Each structure stands twice: as structure tokens, then as C-alpha cells.
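In what follows, a single structure is set out as C-alpha cells and then discussed.
The values are calculated or read from the model by the stated rules, or taken from the named source; none is laboratory data. Computed from a predicted model, the values in this text were never measured in an experiment. Positions of Cβ are backbone-derived with ideal geometry, glycine not excepted, and every protein chain shown enters the neighbour counts. Side chains are part of the model used for accessible areas, which takes the heavy atoms of the whole protein and leaves out ligands, DNA and RNA. Shrake-Rupley method; radii C 1.70, N 1.55, O 1.52, S 1.80 Å.
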Amino acid sequence: MDIRPFHQDDAAHLCNWFASEAELIQWGGPLLKYPLCEQQIEQMQSETEGNKPQRLMFSAFYNQELVGHAQLVLDWQHGVARLGRVAVNPTYRGQRLTQPFLQQIIKRLFDQEEFSRLELNVFTFNRAAIQTYRKLGFQLEGIRRSCLQVGNERWDTAIFGMLRSDIKTAESLCALAS
């Protein structure tokens with residue numbers, strides 16, 4: 001799997017990955033409007049510019065095809081990044097591509113000395129994502145109950161975090177085990 005910074009050419013593909021408002025909210029939160037359009041993506045992409053961008057956007061490719069997308073929102077002052085808007089091309093879901101994709105993003109983030117914490121929010125019904133995040137080393141830090149209304153439903157959000165020291169501890173344990 002190859003990852004690279006998101007390119008505007010990827011936007012048209014990404015816009016087709018969400019079949020309903022609920023799917024879009026699950027991926028991008030309540031501020032995005034269904035259907036996702038290239039103008040919304042352009043707004044996000046405008047935050048990726050400069051020496052200390054507010055956001056980084058990534059695309060994952062497998063067999064030359066766009067299979068994944070993820071974003072990091074960066075707080076340079078406090079050294080905290082928030083992982084979000086993680087999506088897998090519907091054709092490739094269930095093929096275990098998310099974990100290797102996110103491992104590369106986590107490494108890229110923590111290769112920057114300015115960042116010591118990575119966090120994320122995930123809806124509690126998204127069991128597959130939660131399982132992946134736990135395998136990557138994220139720790140559950142809390143639940144925001146009934147924090148969002150989507151249609152007639154109320155959704156809970158789980159808050160996960162990872163510290164730079166968690167990565168080093170996990171690497172040390174793996175080295176001892178081998």
C-alpha cells in the first residue's frame with residue numbers, strides 16, 4: 001500500500017463513497033452536507049497549506065486504485081493531532097487495509113518531534129473501526145453519550161488517545177518478545 005498527500009484529483013472518487021447522509025456524518029461529522037461535493041473537500045484541502053498547516057489529508061492506493069482517505073487536524077501549540085475522516089473505498093472494505101494505512105499515518109505524525117499525542121472520536125456502533133484503533137494502540141479515554149442526533153437516533157462517541165510514549169513502549173515489548 002502506498003500513501004501520499006491527498007490530491008484534488010482524488011476528490012471525485014471520495015465523493016462517491018457515501019450513499020446516505022448517515023454514512024457521511026459517520027465519516028465526516030455533522031458539519032458536512034450530503035451529498036459530499038468537491039467544494040467541501042476543497043475547503044478542507046485549503047487548510048493543508050503553509051509551514052504549519054491546520055490539517056493534513058492522505059490518500060491510500062492499492063494496486064494503483066484509491067482505497068483509503070484519512071485526515072489529521074493539527075494543534076501545533078500543544079503538540080496534539082486529531083485523526084479523523086478515515087474512510088475506505090466501499091469496494092475494498094473488509095480487506096484489512098485500514099490498519100496498514102493508519103500505521104503509516106501514525107508513523108509520519110510521530111516522526112515530527114512537535115507532536116506527542118494523537119486522538120480520535122468514533123461512534124460507538126462502529127465496532128470494526130474501534131477494533132482497528134485498539135489494535136493500533138489507541139486507548140479508550142471516555143464516552144460522550146447521546147452527543148449527536150442523526151435522523152431519529154442519538155449517537156454516542158468514544159474518545160480514544162495515543163501518546164508518543166505508547167508507541168515506544170509497544171515497540172520495546174515487541175522487541176523483547178522476538
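Here the Karplus relation 6.51 cos²θ - 1.76 cosθ + 1.60, evaluated at θ = phi - 60°, turns the backbone of segment 103-117 into coupling constants of 4, 5, 5, 4, 4, 4, 5, 6, 6, 8, 4, 5, 10, 10, 9 Hz, with x for every Gly and Pro.
Rolling a 1.4 angstrom probe over the protein heavy atoms, how many square angstrom per residue are accessible across segment 2-166?
It amounts to 56 Å² per residue over segment 2-166.
Dividing the summed helix terms, -39500 (n - 2.57) for each DSSP H run of n ≥ 4, by the number of residues in the chain produces a 222 nm estimate of -9500 deg cm²/dmol to the nearest 500.
Ranked highest first by average number of other Cβ atoms within 10 Å, how do 138-149, 59-70 line up? Spell out each step's value before the answer.
Numbers: 138-149: 12.9, 59-70: 17.8.
Output ranking for 138-149, 59-70: 59-70, 138-149.
Compare 151, 29, 79 in a GNM of the chain, Cα atoms joined below 10 Å, and give the one with the largest fluctuation. Judging by the Gaussian network model, the answer is 151. Packing, taken as the mean count of other beta carbons within 10 Å per residue, orders the peptides 41-51, 104-114 from highest to lowest as 104-114, 41-51. Indicate the gyration tensor shape class of segment 1-88 (rounded, prolate or oblate), computed on the Cα atoms with a ≥ b ≥ c the square roots of the eigenvalues: a/c under 1.5 is rounded; otherwise a/b larger than b/c is prolate and the rest oblate. Judged from the Cα gyration tensor, segment 1-88 comes out oblate (a/c at least 1.5, b/c at or above a/b). Using a 7 Å offset from Cα along Cα-Cβ at residue 139, what residues in segment 96-118 end up with backbone N under 19 Å from the label point? Within reach of a label on residue 139, which here means backbone N under 19 Å from a point 7 Å along Cα→Cβ, segment 96-118 contributes 106-107, 110, 115-118. Label zone of residue 124 (point 7 Å out along Cα→Cβ, amide N under 13 Å): in segment 140-166 this covers 141-148, 154-159. Suppose R0 equals 25 Å. What FRET efficiency, 1/(1 + (r/R0)^6) with r the Cβ-Cβ distance, do residue 148 and residue 39 give to the nearest 0.05? Plugging the Cβ-Cβ distance into 1/(1 + (r/R0)^6) gives 0.60.
Taking label points 7 Å from Cα along the Cα-to-Cβ direction, residue 165 and residue 107 give a separation of 2.4 nm.
When the chymotrypsin sites (Phe, Trp or Tyr not before Pro) in segment 1-41 are filtered for DSSP coil states and for at most 13 other beta-carbon atoms within 10 Å of their beta-carbon, no site remains. For residue 107, a cut-off of 18 angstrom between C-alpha atoms picks up these aspartates and glutamates, skipping any fewer than 8 places away in its own chain: 2, 75, 119, 166, 171. Residues whose amide H falls under 5 Å from that of residue 86, counting only those 5 or more places apart or on a different chain, are 71, with hydrogens built in the peptide plane.
What is the Cα centroid distance between segment 109-158 and segment 8-64, reported in whole angstrom? After rounding, the separation between the Cα centres reads 18 Å.
Note on the chain: with neighbouring protein chains present and a 1.4 Å probe, carbon and sulfur make up 47 percent of its accessible heavy-atom surface.
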